[in-house]
Each structure stands twice: as structure tokens, then as C-alpha cells.
């Protein structure tokens, strides 16, 4: 039986079809079927900190940070069409500003973190504004250069701790706040983005991707929308940076490390570009993986990049789309 | 019918590389008029629309919309003032349902300002607009993916996009192209209704017979220059126009 | 006077480094973020050829150049070609390739691979001597950069304007669809452009690396320089690349003289921002301005 006589056929599961209509409300089975993935995600995020040991709790926090960065990246790349290669810039900005406010001016962290999120977002967006009028390539180039530029600026001017960084920043009060602050932020961002892209804002962004001339001819200022989108992503990144500086109690040049730029991208590609939840899953897979490979040092960046390339070339749909397919459909071979 | 002066164009020049696309075009447009823009292929008609709508900046000359200069402004600002255009090559937001296409113009600053709080649910406003222009609500046409609609509907969708902006002047770039006579016949009432609602129309067209049913006035553009401007009958009798369309011999 | 000469050399450095990226982008519209990685990789390969394989100098150079062109072709064939038409994926993929190469070169202890860490690596200059020109001491290597660099650029010019293959590249660069309708294979052109672009990166590496140390960080510096030149000059404009190289080359030399070397990135990024604000399509990107603006 040669391949041309058989083909793979995908059929929706019966429960998928039954769950489509409003009558799903009347069936526990169907409601569970629909809500299970979402509930599982939220529940596992909330429960894990309770069961993990101290070391893995820190890893969990890191994974949540990467997940938020991946969300920001996915949003910008798939919904706005801007590939941000320098996510570490936002981490660095948020971390340095919050740490700086805390260290030099004695601001308490519940003040410095929000302030740093906003300030970092403003600065980051301003730095990127000049290229938002132009095609996406420019954004990729500039976003790539900015973290490296900021690092050399800090070294050149020897401010803010230069190469050593600053330690002895205030830590977060206790382990539970550490965990649930970031989880709360992650869930907020995840569901917030979901909401945003289905609302008018998302429709306009989609329109910009489909046909930007028509959007301009409809009276919409594309640059303004891009600025808003970048500001949103920048807020998220800066918050993560600010949080990070108080999680470990120090700030330093490693906040601008390539890790923060590449892991979210790898997580997004692996998880499924454009799905928003996929990057989160990708981040929670990659971060523990990278933790486990800590002994290999720089090899990890190579690993993320290779994984990224593998997925983008051979399985571009990503993990989430794959899982979704399996969940909602089944396959069988059929004679043609 | 000299109403308000909507568009005053003076001495418009545009050069692309080595090609003189528009040279010294001037005209006026008053409220409620339907003016046709005709001319042989490549004469510069679409360039003219691009210049008026801000997609191309003129090298020389001025464009005044209701008294204010708009040449040099980016397209979204010009559209926000009420000067909107259709696109000759139809590319709707193909991945969305038809009515979602209208969400974009309904979110523009112009609509936000004029309709302010009275808008309510944008989705239903969008569907109402589509129904008015002939998308049968019962047949669920407004909910179909824009990319799957046949040409006649796409043309209407394009007009709907303009109408959603509550425009003052609509520049129609070959809205009749690609449609059969009966389809055009069903679109003409729509355009007439727009005119009755106070919208000024400027229509670039090749389908002269259908255009002359609507237009009070016609301008002929040839090689970037305006060579005639007047009522259709007079313009078509003009020897210069005949020469431009038919060639030097004046053959049919 | 010193500034004039060193500035000229620096400008040539910028030009050599940027031309590969500009060529690839101009023809295939792919931003090859792996450009800097190829530069450094070729440098290390040449070092290996010279020191580990003990090949004669000329052979090592030649081999390195060939390998660099081959690298470009491989990157296109196995990574970028599958992603044509999806600009987001192209950017992400070329960035990933760049990281694989650059960070991979830092590896130690995998299968006996020593890893290229430390300041011990350098390529020998062509001629280890100085010469006096107009009262300024200049090493021969810098002179070679000026001379050979100009030759290389001239060669590219001749190739793209007078050879069949080169004309095909220019055709694709100007209007891809029209060129394809004339029977020019877009994939082949892109592959050729990547081969040439990588060869240019390799040439630049061979000429410039002997001036200093061979380190992985160079990969990032070089990429930043190339990107800066291309943006300031206008993506896709040769005249712009030349002018931008001069502008940036001299600015950096001046700032290094006045304030010290660490401020180079500031000068580069500052110039980029100024250009983006004033003339976004680049200094010479006149015609393309409409395309550049969203």
C-alpha cells in the first residue's frame, strides 16, 4: 500500500462538536472538556509554588518571568508585526531603575517596582519610537542594538555600579509574595492580552497586518498604535526586570544578558507563535530545562537557538497548536 | 449647484523618477457634486487620487480641503478630516468577517469625535452599515470572511469602509471595474443615495456610459494634464479629448 | 592629519563590514543577523588553518574565503530558504543562527573542543611593519585595508554592473517580481547574494582582524557597525553605504581621539537615532522613502 493510496484524515472528536453550541452549558462533561485546559493552566500555576522546594520555587519565578517576556514577544511579533530581539533591554531598564530608586533614594519596593515598570517602559518606548514609523526590519535591528548599547553606556560612564553591579537591594518580603506576585502578574498579562486582541484594539492590529494602506485610509494612525503596543510590552518587560532585581536583591550587567532576549523567543517559537498561551508553556518547559543544564554554561544559549531553529523549520505550528489539534481532533488513515 | 467649496486643487505637480506623472492640474470641487475623472490608461488618474488622499506627496502645488491645506499630511490625517478614498485593487482585511472590517474605520478619531458616546456597540453599527448597502443580514453575509466574498460585495465593502467614516468627500478609484452591467446598475442607487446624503463624489472611471449616468461634470486627464473639464456631453465632443482617447487619426 | 588617514582606514573598515550585509539585504530582503557571526567564524577558521593545520598563509586565507562563501550558501539553503516570505520567521531564524555560531564558539570541553576564549588568539598581519605617510606612522596592514578594500569594492561594482550573474542580482534587488518574470531564479539569486555577502564578511575578517585580537565579542561589534552603516546610509543603497561609512568612520575616530574608545557605541546609536528622526530612509534612501514608511 503506497502512500498515494492512503491519506491521513483529521476528524473532530464528537465531544468537540457537541461542545460547540450553547447546549454545552447543560452538560458537565462538555463544560469540563472546554474548561479543562484553561483551568489546568491556572490551577497548576497556583498550586506549584506550594509543592515545590525552595530551589525550584526560584526556578518557578524565573520561568514566570520568561513566560511574561515570551508573551510580550509573541504579542509584538504576531499581532503587531514587530520582532523584538532585545527583550533584555527592558529587563535591564526595569531592574536598574527599581534597584537604583531603592538603593540611592531609599524607595520601598512596593513603590519602586511600579515606578520602575512605568519609567522603564517610557524610556524603552522612547528609544524605539524613531523606528516605529518604518518597516518592521528597523525595529528588529534597533531592538537588537539597544541592549548592547546600554551595556556599553553603563560601562563607559561607570554609573550604577558599572561592571560590578549593586547588591544589597531590598528583597521581597517573603517567599509567598515572591511567588504569587509574579503568578498574578503572569495570569493578568496572559488573560489581558487575550482580551485585548479580541477587542477593537486587536482588530485594528490585525487590520494593520492584513492591509496597512486601508487602515491608514480609514483614518487610523498606525504609528500611534504601534507605540501603544510597544509601551505595553515594555511595561511588562520592565516589571519583570524590577521584580527580578528585588528577587535576588541585586542588579548588574547580567540583566542585559542575551539569555533574556533569546529564551523568550525560543519559548514562543516552541510553544506556538500567536497563541499567547503557547509561549507560556514554552517558557515553563525551557526554564527548568535550562536550570537542569546549568553546568553547561554558555551552551544553553546555543541549545535554545538550536531548539528554536528546529521548531521554526520543522514544526512551526508549535507545541500548543499540536496539543490543541490532538485535544480537539483525532486522526486515522483512510483509503483514498 | 455651487455649494461649499470642498476641494481646491491648484498647480499640482508630481514627478516619479524620470516620469512626469501629474503636471499642473488644478480644479475645484463643490459640495454635492459628482465629478468624473477619465482619461486613457496611465494618464495619472490613480496618482491623482494618491496625491489627494495623502499617499503620495506632491512636488509642487496645493490641495485645500474645506479651506485648510492638506497636501503633505499623512493619509490618516486626511481621512480623518473627511476626505476618504477607495482602493482600486481590492484587499480587504481578509482574515476577518466582513463586519469586522468596519471596526477599523469606526475606531478612527473622526468617528470617535462625531459620534462620541452615542455609538454603543460598534459591532451592531457595523452590521447596520453593511445592511444598508446591501449585505443581506438574513443570509449572514456580513459574517462571512471578507476574503471569501465575491467581487460585487467586496466593492460594496470598500464603499462601506468609506461610509463608516462619515465622509464629506469620497474619492472612488474605479469602483465599477470588473463588474457586470447589472452589478453596476445595482451600485448606482447606492452612489446616488450617498450624493443625496450630502457626500461629494469624485469618481475615477473607465466605464464611461455608466459614469455619465451619475456625473454632472467630467474632467479628462491625459499624460498628467487636465485637458478638459465640463459636462459629459461637451467634454466628449471636445476634439482634444477625442484625440487623446482615439489617437491622432480620430478613428473609432 | 593623523585623523584624516586613520579616519579613512576606519571608514574602509566600516564599509567592508557593512557591504556584505547590504548586499544580502538588497538582493533578498533578508536581514542577515548572522553576518557578524560569519565574520568571527572565518577569523577563527583561518586561525585554525594556520595554527592547528599548519597550512601556508595564502592557502589558509583562500580556504577561509571559500568556506565563508559556502557557509552563506548553507545558511540560506537549510535555514532561510524554507522561511522565505515570512519576514518574522526570517529575522528570528537568522538571529538564532548568529547565536548558535557566536555562543557556540565560546564552548569549552565538548569533545575536546577547546573553545575560543581568552585573549590569545590573533591573526598575523600581512606584513608586520610600519610605513610613514605624510608624517604619520601607519602599519602596512591598515594600508592594505585601504588598498585591497578599495579593490574588493571595485570588484563588486564591476561584478554587479558588468557580469551576467551580477546583473541578475541587481535585477532582483530592484524589482523581484519583474525579475522573476524574466526567468531569473529568486532562490538562486538569494543564495548567490548570501555566498557573496559571507565572502565579503570573510574578506573583511581577514583584512581587519589582524589589527587586534580575535574574540567572540567582535561578532557583536561588527554586526552593530554593519547595521549602523546600513541604516544611516539607507537599506539598499550603495551610495548611501559609502557615505555612511565615511560619516560613521570619521565620527568614531574623532570621538575615540577626544573621549576614548568606549564611546563608540554611543556615537553609532546616536547617529542612527538622528537619522531615523530626520531622514528615516537613510542618507541616500531617496527613492525608497515610500517603501520604508509604514
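The values are calculated or read from the model by the stated rules, or taken from the named source; none is laboratory data. The shown structure was predicted, so the numbers you read here are calculated from the model rather than taken from an experiment. Here the Cβ positions follow ideal geometry from the backbone for every residue, glycine too, while neighbour counts run over all protein chains shown.
Summary of computed values
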| item | result |
| --- | --- |
| Selection from the stretch B:59-81 of residues that are surrounded by 22 or more Cβ atoms within 10 Å (Cβ to Cβ) and not in a helix (DSSP H, G or I) | B:63, B:65 |
| Which numbered condition residue A:302 fails, given (1) in a helix (DSSP H, G or I); (2) in contact with a strand residue (DSSP E or B) (Cβ under 8 Å, 6 or more places away or on another chain) | (2) |
| Any hit, the stretch A:182-202, residues being at the interface with another protein chain (Cβ under 8 Å from one of its Cβ atoms), out of contact with any strand residue (DSSP E or B) (no Cβ under 6 Å at 6 or more places or on another chain) and surrounded by fewer than 18 Cβ atoms within 10 Å (Cβ to Cβ) | yes |
| Scope the stretch C:1-29; condition modelled with pLDDT of 90 or more, over 21 Å from residue C:144 (Cα atoms) and within 14 Å of chain A (Cβ to nearest Cβ); matching residues | C:21, C:22, C:24, C:25 |
| Subset of the stretch A:270-300 (residues that are within 13 Å of another protein chain (Cβ to nearest Cβ), surrounded by 24 or more Cβ atoms within 10 Å (Cβ to Cβ) and either without any contact (Cβ under 8 Å) to a residue 24 or more places away in the chain or over 22 Å from residue A:196 (Cβ atoms) (or both)) | A:270 |
| Residue identified as free of Cβ contacts under 8 Å to residues at least 40 places away in the same chain and in a loop (DSSP other than H, G, I, E, B) among B:138, B:128 | B:138 |
| So residue A:49, is it over 30 Å from residue C:223 (Cβ atoms) and buried (at least 19 other Cβ atoms within 10 Å of the Cβ) | yes |
| Failed criterion for residue A:124 (all others in (1) more than 10 Å from chain C (Cβ to nearest Cβ); (2) not in a helix (DSSP H, G or I) hold) | (2) |
| Residue satisfying all of: in the stretch C:211-241; surrounded by 24 or more Cβ atoms within 10 Å (Cβ to Cβ) and more than 14 Å from chain A (Cβ to nearest Cβ); farthest from the chain's Cα centre (by Cα) among these | C:240 |
| Subset tally (residues that are surrounded by fewer than 17 Cβ atoms within 10 Å (Cβ to Cβ) and in contact with a helix residue (DSSP H, G or I) (Cβ under 6 Å, 6 or more places away or on another chain)) for the stretch C:149-169 | 1 |
| Unmet requirement for residue A:219, which otherwise passes all of (1) buried (at least 20 other Cβ atoms within 10 Å of the Cβ); (2) part of a helix (DSSP H, G or I) | (2) |
| Residue list for the stretch B:97-134, restricted to those being at the interface with chain A (Cβ under 7 Å from one of its Cβ atoms), more than 24 Å from residue B:37 (Cβ to Cβ) and modelled with pLDDT of 85 or more | B:100, B:103, B:104, B:107, B:108, B:109, B:110 |
| Filtered residues of the stretch B:193-235 (kept if within 17 Å of residue B:86 (Cα to Cα) and touching a strand residue (DSSP E or B) at 6+ places or on another chain (Cβ under 9 Å)) | B:194, B:195, B:199, B:200, B:201, B:202, B:203, B:204, B:205, B:206, B:211 |
| Residue match in the stretch A:234-246 (condition: more than 10 Å from chain B (Cβ to nearest Cβ), part of a helix (DSSP H, G or I) and surrounded by fewer than 20 Cβ atoms within 10 Å (Cβ to Cβ)) | no |
| Residue match in the stretch B:207-218 (condition: under 13 Å from the mean Cα position of the chain (by Cα) and either outside any loop (DSSP other than H, G, I, E, B) or more than 21 Å from residue B:52 (Cα to Cα) (or both)) | yes |
| Candidates A:332, A:226 - the one that is away from chain C (no Cβ under 14 Å) and either part of a helix (DSSP H, G or I) or surrounded by fewer than 19 Cβ atoms within 10 Å (Cβ to Cβ) (or both) | A:332 |
| Elements of type helices (runs of 4 or more DSSP H) contained in the stretch C:1-113, each with 3 or more residues being buried (at least 18 other Cβ atoms within 10 Å of the Cβ), over 19 Å from the mean Cα position of the chain (by Cα) and without any contact (Cβ under 8 Å) to a residue 60 or more places away in the chain | C:87-104 |
| Which listed residue, of A:153, A:93, is at pLDDT below 90 and part of a helix (DSSP H, G or I) | A:153 |
